1. I'd like to check something: does region B:100-108 contain any residue that is away from chain A (no Cβ under 14 Å) and farther than 14 Å from B:TYR25 by Cα?
2. Residues being within 19 Å of A:VAL48 (Cα to Cα) and β-branched (Val, Ile, Thr): count how many of those fall in region A:7-33.
3. Pairs under 6 Å by beta carbon, first residue within 14 Å of another protein chain (Cβ to nearest Cβ) in region A:72-93, partner of a type in the set (Ser, Thr, Tyr) and outside any strand (DSSP E or B), six or more apart or different chains?
4. Among the residues of region B:20-42, is any β-branched (Val, Ile, Thr) and touching a His at 6+ places or on another chain (Cβ under 7 Å)?
5. Hey, which of the strands (runs of 3 or more DSSP E) in region B:32-94, taking only ones fully inside, have at least 1 residues that are crowded, with 22+ Cβ neighbours inside 10 Å and in contact (Cβ under 8 Å) with a residue 24 or more places away in the chain?
6. Which of the residues spanning region B:71-88 are closer than 21 Å to B:PRO9 by Cβ and hydrophobic (A, V, I, L, M, F, W, C)?
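Rule-based calculations on the coordinates, nothing more; no lab input. Keep in mind that this is a model prediction, so the values were computed, not measured. Ideal geometry is used to build each Cβ from the backbone, glycine not excepted, and the neighbour counts take in all protein chains shown.
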Amino acid sequence: ETGVTQTPRHLVMGMTNKKSLKCEQHLGHNAMYWYKQSAKKPLELMFVYSLEERVENNSVPSRFSPECPNSSHLFLHLHTLQPEDSALYLCASSQVLASGGLGNEQFFGPGTRLTVL
Amino acid sequence: DQQVKQNSPSLSVQEGRISILNCDYTNSMFDYFLWYKKYPAEGPTFLISISSIKDKNEDGRFTVFLNKSAKHLSLHIVPSQPGDSAVYFCAAREYGNKLVFGAGTILRVKS
């Protein structure tokens with residue numbers, strides 16, 4: 001596997017289900033991101049992990065719970081979602097700069113298309 | 001308030017002609033700008049970038065222009081090809097901070 005992979009690619013779930021999205025990066029990066037893309041809207045940054053620590057939580061509802069067990073893997077745990085949470089969920093990775101800041105270029109996975117019924 | 005705006009939701013261009021995609025930003029602290037291309041069912045892929053110390057960066061058929069005084073950047077694709085049909089996202093960042101994306105412009109290149 002190369003680059004950034006995401007599984008599953010498609011997910012349909014009911015509002016009472018619990019599911020998880022998985023992301024894995026094979027680029028040797030040490031920052032990982034979750035984005036939400038809804039139709040005709042900018043990519044919305046949800047969470048950022050830098051060196052396995054969460055450094056950004058963009059006012060995301062608690063029904064979304066991220067987990068970063070190591071620098072190569074990132075999960076998004078989903079619980080009691082709403083239909084308006086249906087979207088494309090994108091994972092990305094980047095380097096962390098020597099200063100501790102985030103690198104300029106992010107590499108994206110193909111996304112998980114989530115539908116909440 | 002959107003800090004990065006792509007005011008044209010879509011653009012249609014004839015094959016072989018120039019495609020110009022525009023992006024405006026409001027944050028004067030942004031010092032690095034990127035363009036990403038996204039095909040359906042795929043994640044965005046990095047296309048070209050420019051630092052705020054430059055006003056032009058070229059890579060093959062793709063050129064990005066930056067006008068800092070106007071807080072405007074544009075992506076030129078010459079000549080446009082049908083395979084360029086995709087959604088193009090403009091993104092900007094302050095050094096070391098997160099990327100801020102625009103809403104995207106759908107480019108259709110007609111053969």
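1. yes
2. 1
3. Once the first residue is within 14 Å of another protein chain (Cβ to nearest Cβ) and sits in region A:72-93, its partners that are of a type in the set (Ser, Thr, Tyr) and outside any strand (DSSP E or B) give A:ALA87/A:SER38.
4. Within region B:20-42, one or more residues are β-branched (Val, Ile, Thr) and touching a His at 6+ places or on another chain (Cβ under 7 Å).
5. Here the list reads B:32-38, B:62-67, B:72-77, B:86-93.
6. Hits for region B:71-88 are B:LEU73, B:LEU75, B:ILE77, B:ALA86, B:VAL87.
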